[in-house]
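Right, one structure below, let's go through it.
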Amino acid sequence: MSNKASKTETEKNSSQGFPDDELRREQEFVDGLYARVDALRGGTEASVADALAQGSTPMQARLERDVLVAERSGLLAALNAVDGSLCFGRIDLADPSRRTHHIGRIGIRADDPERTPILLDWRAPVARPFYLATGHTPMGLRRRRHITTEGRAVTALHDEILDLGDRLRTGHEDPTGDAVLLSALNSARTGRMSDIVQTIQAEQDRIIRAPHRGVLVVEGGPGTGKTAVALHRAAYLLYEHRELLAKRAVLIVGPNPAFLGYIGEVLPSLGETGVLLATVGELYPGVRATASDTPRAAAVKGRADMADVLAAVVRDRQALPDPVIAVEHDRDVLMLDEGLVRVARDRTRDLRLPHNVAREHFEGHILNTLTDMLAERIGTDPFDGTNLLDPSDITQLRDDLAENPEVWAAIDRLWPRVTPRRLVADFLAEPDAYLTAEDAAAVRRPVTRAWTTADVPLLDEAAELLGRDDRLTRAAAEQERDRQVAYAQGVLDVSYASRTYEFEDLDAEDAEVLSAHDIIDAERMAERHEEDDHRSAAERAAADRTWAFGHIIVDEAQELSPMAWRLLMRRSPTRSMTLVGDPAQTSEAGGVGSWSDILHPYVGDRWEHTRLAVNYRTPSEIMEVAAAVPRAERPDFEPPSSVRSTGVRPVVRQDADLPGAVEKAVAELAPVEGRLAVVAPRDLHGALAARLGGVVAGEEPDLTRSVVLLDPRQAKGLEFDAVVVVEPARFGTADLYVALTRATQSLGIVHAAPLPGALAAALA
């Protein structure tokens, strides 16, 4: 928006009765801020850096240019990612001799030699009083100001007086200090989560800035903002530990693709793009889970003892002859019996190496065994029994055996190379030898079937057990390197020939000019080519199963199975994690639920627990009804306290014609702006989508549509202006609790079957 438009907006505010002096000052600041941003975006790196380095010595200028070009590149990347107002607040210090500070989504500095901050990054320590200061503990502030903008126009100010002795009044005082928060809570939803950087509450700030070490568990009921807190914690850690986390990346694990799409714009809006967002089903490179398991199958696959089951499957691939394997070699037949192979197998197993890595040692044992047999057969003196072969003869026999295809066929039968996908697929096709009849029936499936989310931790476990025999990979890499060195040498030779032709008529003194040959050789030139990997750390991490992340954030952590936790702990050898969830919302059959059960195998009791107790999303009228569902099973259940009331109780409609009743409820509750979700059992989606018109049923719903159709698992972690819950008696306790707590304004309940007793009593 132009400056002219901004001034027009200011005049409009003044005409509505706002004192214009304060608004005009803030508008001038915002205009100046965007003028600098536009200059940065419009200038070239060299011109901007040269201008900033004027007056320095040549050496200082060069160093400053390098620093400023890098700083400008990073700043521009952040500016291009930020979605929302750059500046949203100001703090006025109690000491009148000290300046005020404007707070924003990213930090921007002046061009002066001191690099004076113009806009403070919300994560900077000096900005923290904006979130924590109170009248009782002002933290050196006399005033806190919230600045509301539309585009580049300042539209409103909300001032909180922290020093009651300060007599200055601006006319923008907010008596309660809640106007900005309530405005954000009551605003229409867009189908995408927004950042809460302007309204972070004190309890949330303490979690966001918690020290970067160990495992932090953030527990909170529906609407407590735990997901937003986790995302802002990721942004804070990236700011505070940039050097470390930029190299190792941050992983954020969500419950489903729809949820990741919902939160996907939060970190970019804060200028952070170097984060990998994934579901558990996307954490095995090359595999994306697209099929679904039954609850029983998911529970069986997720059990901790599946690690032992897969280990047994791998051991069974290390076979013994039944009864012997005959190997033909140079008109001789060598017999590998069970005893000989057992010795080789036991010695190899004693090394405790992954299966595919250990194979090289097994090969060596078998080749040595066959060599000894052959040497004894052809080299023994028939009269005195001495062996007539010298060491070089023995080596030649071994080399000859190593070129015999029958030897390798025998080794492949006894200790085959196995891929994780083949191992898991074969196991699931024929699980009877390893599981009870009931469990085997639950997980059995054809080899050709697509992978499920519960399969991915099995694949990861199999990869750990199998390891990777990278001899072929190393050989291919060596060939590729030789090719690159040869190519580099050709480039240097052409360069040298060109230089020789150019200077052949010059005097020797004039020809003393360095060429590429004098500076770099072919091998170093090839190495530089190899080092060029322009992928971000997050992109490289996504392609590398063994990547160790700098920090991992897990949302809906209570839903993950023990096998999924084994996968994640491999990705976090330092155990630097933030786990977010609510045991009361555990709905997955394989979910662990208890924080102690999740963490004790990995960190014992060395983890911290904190709880968010304030519900910012769900009005009290809805929360009172929703809380009755888990309280029926747990009388001591305490839901988070809602900060607001709408005066509107849930609307209940009973009708045998469910699609028709849902259509009427949607028409009644759909907001003029915002989003409505219909949460219904999956088998009803087809009929409901046909009746509602324009509503799409599917695995990955488009949350930006005005009306979306979900099941409770898809709704987990999401929020909508209005929600219609269909046939609640068909939901389990946790699923129903989730469905009832997604709304920010209004809730409808449509049913044909009788309501669950606790819900019916709460609605009476």
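The values are calculated or read from the model by the stated rules, or taken from the named source; none is laboratory data. For clarity, every value in this text was computed on a predicted model and none was experimentally measured. Here Cβ is always computed from backbone atoms with ideal geometry, including for glycine, and neighbour counts include all displayed protein chains. The protein model used for the area step is the full one, side chains on, heavy atoms only, and it has no ligands, DNA or RNA in it. Shrake-Rupley method; radii C 1.70, N 1.55, O 1.52, S 1.80 Å.
So here's what we get for this one:
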item: Carbon and sulfur %, accessible surface of the range 617-736 computed with the full protein complex present, 1.4 Å; result: 48 percent
item: The range 371-486 - percent of accessible surface contributed by carbon and sulfur, probe 1.4 Å; result: 53 percent
item: Local electrostatic count, L132, Cβ distance below 13 Å [Lys/Arg +1, Asp/Glu -1]; result: +1
item: Taking all pairs of distinct alpha-carbon atoms in the range 252-333, Kirkwood radius in angstrom; result: 17.7 Å
item: Debye, to nearest 20: dipole size of the range 423-472, +1 on Lys, Arg Cβ, -1 on Asp, Glu Cβ; result: 220 debye
item: Amide H partners (placed H, <5 Å) of V707, local residues excluded; result: L676
item: Protection-proxy order for peptides 311-320, 723-732, each taking the mean of Cβ atoms within 10 Å per residue, highest first; result: 723-732, 311-320
item: Accessible-area order (highest first, 1.4 angstrom probe) of the listed residues W408, W565; result: W408, W565
item: Charge tally in the Cβ shell below 12 Å around L389, where Lys, Arg are +1 and Asp, Glu are -1, L389 excluded; result: -3
item: Surface/4 of the Cα convex hull for the range 569-642, nm²; result: 6.5 nm²
item: FRET efficiency for S706 and A184, using Cβ-Cβ distance with R0 set to 30 Å, rounded to 0.05; result: 0.90
item: Solvent-accessible heavy-atom area per residue, rounded to whole Å², over the range 702-764 at 1.4 Å; result: 26 Å²
item: For L185, net neighbour charge (Lys/Arg +1, Asp/Glu -1) across residues whose Cβ lies under 9 Å away; result: +2
item: Spin-label pair R483/E338, simplified geometry with 7 Å Cα→Cβ offset, distance in nm; result: 4.9 nm
item: Probe 1.4 Å, protein heavy atoms only - accessible area per residue of the range 266-357 in square angstrom; result: 49 Å²
item: Share of pairwise Cα separations in the range 718-764, more than 18 Å, in percent; result: 22 percent
item: Dipole magnitude of the range 284-439, debye to nearest 20 (Cβ charges: Lys/Arg +1, Asp/Glu -1, about Cα centre); result: 1120 debye
item: Amide H contacts under 5 Å for E173, placed H, 5+ residues apart; result: D159
item: For S392, solvent-accessible area (1.4 Å; no DNA, RNA or ligand), Å²; result: 70 Å²
item: HN-Hα J in Hz across the range 349-355 - Karplus 6.51, -1.76, 1.60, θ = phi - 60°, x for Gly and Pro; result: 5, 4, 6, 6, 9, x, 3
item: From phi via Karplus (6.51, -1.76, 1.60), per-residue ³J(HN,Hα) for the range 632-646 in Hz, x at Gly/Pro; result: 5, 9, 10, x, 8, 5, 10, x, x, 7, 6, 8, 8, 10, 9
item: Accessible heavy-atom area order of K664, K716, highest first, probe of 1.4 Å; result: K664, K716
item: Phi to ³J(HN,Hα) by Karplus 6.51 cos²θ - 1.76 cosθ + 1.60 over the range 331-340, Hz, x for Gly, Pro; result: 6, 10, 10, 9, 10, 9, 9, 4, x, 5
item: Long-range HN-HN contacts of T155 with modeled amide H, under 5 Å; result: T148, T149, E150
item: Cα-only radius of gyration and Dmax that characterise the range 289-343, units Å; result: 19.8, 59
item: Diffusion coefficient, µm² s⁻¹, Stokes-Einstein with Kirkwood Rh over alpha-carbon pairs of the range 208-297 at 20 °C and 1.002 mPa s; result: 145 µm²/s
item: Computed magnitude of the charge dipole of the range 140-249 (debye, nearest 20; Cβ of K, R +1, Cβ of D, E -1); result: 480 debye
item: Gain in span if fully extended, L168 to R611, counting 0.36 nm per residue against the direct Cα distance; result: 155.6 nm
item: Debye log10 I(q)/I(0) at q = 0.13, 0.14, 0.20 Å⁻¹ for the range 123-201, Cα point scatterers; result: -0.46, -0.53, -1.02
item: The range 77-169 - accessible surface per residue (Å², probe 1.4 Å); result: 44 Å²
item: R468-E22 pseudo-label distance in nm [points 7 Å out on the Cα-to-Cβ vector]; result: 6.0 nm
item: The range 638-764: proportion of alpha-carbon pairs further apart than 22 angstrom, %; result: 28 percent
item: Segment D412-D350, extension gain: residue separation times 0.36 nm, minus the distance between their alpha carbons; result: 20.3 nm
item: Sequence ranges 266-272, 456-462, ranked by mean other-Cβ count within 10 angstrom, highest first; result: 456-462, 266-272
item: Percent breakdown of C-alpha pair distances by 10 Å bin, ordered from the shortest bin, for the range 638-710; result: 17, 46, 27, 10
